[in-house]
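Here's the structure, in structure tokens; my notes come after.
The values are calculated or read from the model by the stated rules, or taken from the named source; none is laboratory data. Just so it is clear, the structure is predicted and the values come from calculations on it, not from any experiment. Cβ sites come from the backbone with ideal geometry, for glycine too, and all protein chains shown count toward neighbours. When the accessible area is computed, the model is the full protein with side chains, heavy atoms only, and any ligands, DNA or RNA have been set aside. Shrake-Rupley method; radii C 1.70, N 1.55, O 1.52, S 1.80 Å.
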Amino acid sequence: MRDMNKQHLVLGITGGIAAYKAAGLLRLLMKQGYAVQVAMTDAACHFITPTTLQGLSGQPVYTDQWDAGTPNGMAHINLSREACAIVIAPASADFIAKLANGLADDLLSTMCLARNCPLLIAPAMNKEMWNNPATQRNIAQLLSDGVQIMGPDSGIQACGEEGMGRMLEPELLAQLIADSFQPKLLAGKKILMTAGPTYEAIDAVRGITNRSSGKMGYAICQAALEMGAEVTLVSGPTALRAPFAAEKIDVQSAAQMFDAVKRHVAACDIFIAVAAVADYRVAQTSVQKIKKSAAPLTLELVPNPDILAYVAALANPPYCVGFAAESENLAEYAEQKRLAKRLPLLVGNIAQQAIGSDDNELILFDDNGIHFLPRADKLTLARQLMLYIAQQGALP
Ligand code: C5P
């Protein structure tokens, strides 16, 4: 069934060994909130089955122009009218040649010709096929027709040869596709941000940390990149993969996070502190594992520096955004925190609902008052938050 709240994409798969990666790309696009309709050429069905893509997308997969199941017999028109873009991944040399010449001899090529939305393609082929002047002519034609070409990459190919022609990895494709839809409201802006928990060592193997997953921070990183910002992500330990285009700095402790922020803050226009920084660290960490004994063990904890407060108090601070996760009295505590740390914007959320979960709801506190971002997945919220930030007149 069509979900009218989601943006629709058509994912076209053509015949090439990289077709197996289309399943991964499909998953990533769905995770980003798109409803994806898959259409495959005959050749693609030799490399990956429509059943796999149907199972993953939750939609019937279109393979046949003459399928009697489409009520008006015009799947090529219907599908492209509902889509905000058609993505062809992998795009074979043969399919690229068809596109460049306006051929329409199967469902996918007919759909591309009949479309009224952007077309993005991810070429994948042997290096000689890619370097062939015919392919290069076709690519030049597609570029001048306004088609977005993603890749290819160079490296070891399925045939064992090495060179240009590998399809870009699904993670990078998903990022490029999402980027292509966002208005570049943050182009030229440099964003420094912190995300995830910190880990404060007790001894060689034990430490103090918290349950922050990093999901909100990483979603904000992705949303900022989509809007054209350059992002440096200082991240505590998480199980997440950072968006490809981010400059990621891995840290463990609050002290390391503080060092990394101090090194990069001068260059940034916006600082977003999403990390759940430990308030305390152990005064004396032990290099060796502390031996168990029957006697009680007392650890002395000393406060960590407040990274956000430090940045906000700089002589010429970037636009600072803080987060507050409270378990009660959110509005009161959040506004107190915003004023105490002298932040133009503070993002509040209820700790019990936010930590580790895939969705959340946010309340923005600034000089204009309170602004609600209702419950949604974290990437949707991150995009709304970044849009709000981009629209602030006070940005440097
Ligand atoms: O005061 P509290 O820890 O609740 O403030 C939360 C906000 O301050 C978050 O934006 C968090 O990333 C930031 N923070 C920080 N350094 C600390 C503690 C919190 O940057 N040591």
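Does the stretch 326-348 contain any residue that is of a type in the set (Val, Ile, Thr) and either closer than 22 Å to residue 267 by Cβ or more than 13 Å from the ligand (Cβ to nearest atom) (or both)? No - not one qualifying residue is present in the stretch 326-348. Listed residues 53, 99, 119, 26; which is at pLDDT 95 or above and either over 26 Å from the mean Cα position of the chain (by Cα) or surrounded by fewer than 18 Cβ atoms within 10 Å (Cβ to Cβ) (or both)? The unique qualifying residue is 99.
Whether any residue in the stretch 313-323 is outside any loop (DSSP other than H, G, I, E, B), in the same structural domain as residue 217 (by TED's automatic domain parsing), within 15 Å of the ligand (Cβ to nearest atom) and open to solvent by 30 Å² or more (accessible area, probe 1.4 Å) is what I want to check. Yes, the stretch 313-323 contains at least one residue that is outside any loop (DSSP other than H, G, I, E, B), in the same structural domain as residue 217 (by TED's automatic domain parsing), within 15 Å of the ligand (Cβ to nearest atom) and open to solvent by 30 Å² or more (accessible area, probe 1.4 Å). Exactly one residue among 239, 204 is under 25 Å from the mean Cα position of the chain (by Cα), over 30 Å from residue 12 (Cα atoms) and either open to solvent by 60 Å² or more (accessible area, probe 1.4 Å) or assigned by TED's automatic domain parsing to the domain that holds residue 359 (or both), and that residue is 239.
Residue 227 meets all of the listed conditions (1) surrounded by fewer than 17 Cβ atoms within 10 Å (Cβ to Cβ); (2) more than 13 Å from the ligand (Cβ to nearest atom) but one, namely (1). Checking residue 299 against (1) open to solvent by 40 Å² or more (accessible area, probe 1.4 Å); (2) near the ligand (Cβ under 10 Å from one of its atoms); (3) within 22 Å of residue 237 (Cβ to Cβ), which test does it fail? It fails just one condition, (2). Taking the criterion of being assigned to a loop (DSSP other than H, G, I, E, B) and either more than 9 Å from the ligand (Cβ to nearest atom) or not assigned by TED's automatic domain parsing to the domain that holds residue 319 (or both), the residues of the stretch 272-291 that qualify are 283, 284, 285, 286, 287, 288, 289, 290, 291.
Okay, residues lined up against (1) at pLDDT 90 or above; (2) in a loop (DSSP other than H, G, I, E, B):
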{"residue": "164", "(1), (2)": "no, no"}
{"residue": "168", "(1), (2)": "yes, yes"}
{"residue": "179", "(1), (2)": "no, no"}
{"residue": "185", "(1), (2)": "yes, yes"}
{"residue": "193", "(1), (2)": "yes, no"}
{"residue": "212", "(1), (2)": "yes, yes"}
{"residue": "218", "(1), (2)": "yes, no"}
{"residue": "221", "(1), (2)": "yes, no"}
{"residue": "225", "(1), (2)": "yes, no"}
